[in-house]
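Structure, as structure tokens:
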Amino acid sequence: MAGFTFAGYPAAVLVDDGGKPLAQKLWGSFLPLTGNVDGDWLEVKFGTDLFWVHKDETQAEGVLEVMFLDIGQGDSCLLTIPQKNKPPRRMIIDAGAGDNLVRFLNTKYRRTAKPVEFEAFIITHPDEDHYFGFDPVLDDSDFQAATIYHSGLVERTAAKKNDTLGPRKKIGRRNYATQLVADKAELDSLLTPARIGRKQYPATLRKALDSPRVGDIRMVNVTDKHLPGCGPRDDVTIEV
């Protein structure tokens, strides 16, 4: 590969060898270059196909893209963070409860080289309408995640209803869950078939543990202050 360029504002038109427009890429979209140049035209790869784009419709840097997705009940946000001379970083924060997210991803990345790599899937908290939409994404071989981040609170079956988040300690008038699951090894040890039972959240995390397309699973919370790789010295800061 001979480097990268990005679609200029408001969009870049991709044409075939005869100059016929075949596709459009919105401002900031990542365009891999093949290295072939014909006057003012640059050859780019889009999926498995090759196109030409006029250099005046490109720019040297990408743009930060924040997409809030209509996934029904709950929330989902897709972040695309540009990097100089590198493919963009992609993250998904929450996923809704159904398959709206995976259907959106299959549409957005239908012509992108597979598998599509995400730096992070982030589960802000274990309510169904925030995490369960990751379930069909984990089933889809077109997508993979370097790390899944969660809050550390992991539901499991328990003899007592109040113990489904693990041991608790009473301080004053309040009971606090004391078992935060920090890393992949701890999660793997906790999520046995008996502990999962019929509960959806631990079943989704177990699926992630068993998936060859998930690199790591770890807790992130207020003690971390920032998402790894998105601290005060980085181009984009994500505060936790």
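Residue 75 fulfils the conditions (1) under 16 Å from the mean Cα position of the chain (by Cα); (2) open to solvent by less than 20 Å² (accessible area, probe 1.4 Å) except for a single criterion, (2).
Filtered by the rule that a residue be part of a loop (DSSP other than H, G, I, E, B) and in contact with a helix residue (DSSP H, G or I) (Cβ under 7 Å, 6 or more places away or on another chain), region 104-123 gives a lone residue, 123.
Taken over region 34-88, the residue count meeting the criterion of being in a strand (DSSP E or B), out of contact with any Ser or Thr (no Cβ under 6 Å at 6 or more places or on another chain), of a type outside the set (Lys, Arg) and closer than 17 Å to residue 112 by Cβ is 15. Is it true that residue 96 is open to solvent by 40 Å² or more (accessible area, probe 1.4 Å), out of contact with any Phe, Trp or Tyr (no Cβ under 7 Å at 6 or more places or on another chain) and at positive phi? Criteria not met by residue 96.
Does residue 39 satisfy the criteria of being exposed (fewer than 15 other Cβ atoms within 10 Å of the Cβ), more than 25 Å from residue 138 (Cβ to Cβ) and at pLDDT below 90?
Details: exposed (fewer than 15 other Cβ atoms within 10 Å of the Cβ): yes; more than 25 Å from residue 138 (Cβ to Cβ): yes; at pLDDT below 90: no.
Criteria not met by residue 39.
Condition check: within 14 Å of the chain's Cα centre (by Cα), closer than 29 Å to residue 239 by Cβ and assigned to a strand (DSSP E or B). Does residue 95 satisfy that? Against the criterion (within 14 Å of the chain's Cα centre (by Cα), closer than 29 Å to residue 239 by Cβ and assigned to a strand (DSSP E or B)), residue 95 does not qualify. The criterion of being of a type in the set (D, E, K, R), open to solvent by 20 Å² or more (accessible area, probe 1.4 Å) and under 16 Å from the mean Cα position of the chain (by Cα) does not hold for residue 57. Looking only at residues of region 5-33 that are of a type in the set (A, V, I, L, M, F, W, C) and either more than 27 Å from residue 115 (Cβ to Cβ) or touching a Cys at 6+ places or on another chain (Cβ under 7 Å) (or both), we find that the one that is most open to solvent (accessible area, probe 1.4 Å) is 13. Restricting the first member to region 38-55 and to residues that are within 12 Å of residue 12 (Cα to Cα), and the second to residues that are among the hydroxyl-bearing types (Ser, Thr, Tyr), the beta-carbon pairs closer than 9 Å and six or more apart or on different chains are 42/5; 42/34; 42/58; 44/5; 44/34; 44/58; 53/5; 55/5. Consider residue 126 carefully, then state whether it is assigned to a loop (DSSP other than H, G, I, E, B), open to solvent by less than 60 Å² (accessible area, probe 1.4 Å) and not hydrophobic (A, V, I, L, M, F, W, C). For residue 126, the condition - assigned to a loop (DSSP other than H, G, I, E, B), open to solvent by less than 60 Å² (accessible area, probe 1.4 Å) and not hydrophobic (A, V, I, L, M, F, W, C) - is met.
Among residues of region 204-240 being in a helix (DSSP H, G or I) and without any contact (Cβ under 8 Å) to a residue 40 or more places away in the chain, the one that is surrounded by the fewest Cβ atoms within 10 Å (Cβ to Cβ) is 210. Of all residues in region 165-197, those satisfying the criterion of being among the charged types (D, E, K, R), surrounded by fewer than 16 Cβ atoms within 10 Å (Cβ to Cβ) and without any contact (Cβ under 8 Å) to a residue 12 or more places away in the chain are 168, 169, 170, 173, 174.
So, of the residues in region 137-167 that are over 19 Å from residue 196 (Cβ atoms) and hydroxyl-bearing (Ser, Thr, Tyr), which turns out to be farthest from the chain's Cα centre (by Cα)? My answer is 141.
If you go through region 178-223 and keep only what is within 30 Å of residue 61 (Cβ to Cβ) and modelled with pLDDT under 95, you end up with nothing.
The values are calculated or read from the model by the stated rules, or taken from the named source; none is laboratory data. Just so you know, these numbers come straight off a predicted model, no measurement behind them. Positions of Cβ are backbone-derived with ideal geometry, glycine not excepted, and every protein chain shown enters the neighbour counts. Side chains are part of the model used for accessible areas, which takes the heavy atoms of the whole protein and leaves out ligands, DNA and RNA. Shrake-Rupley method; radii C 1.70, N 1.55, O 1.52, S 1.80 Å.
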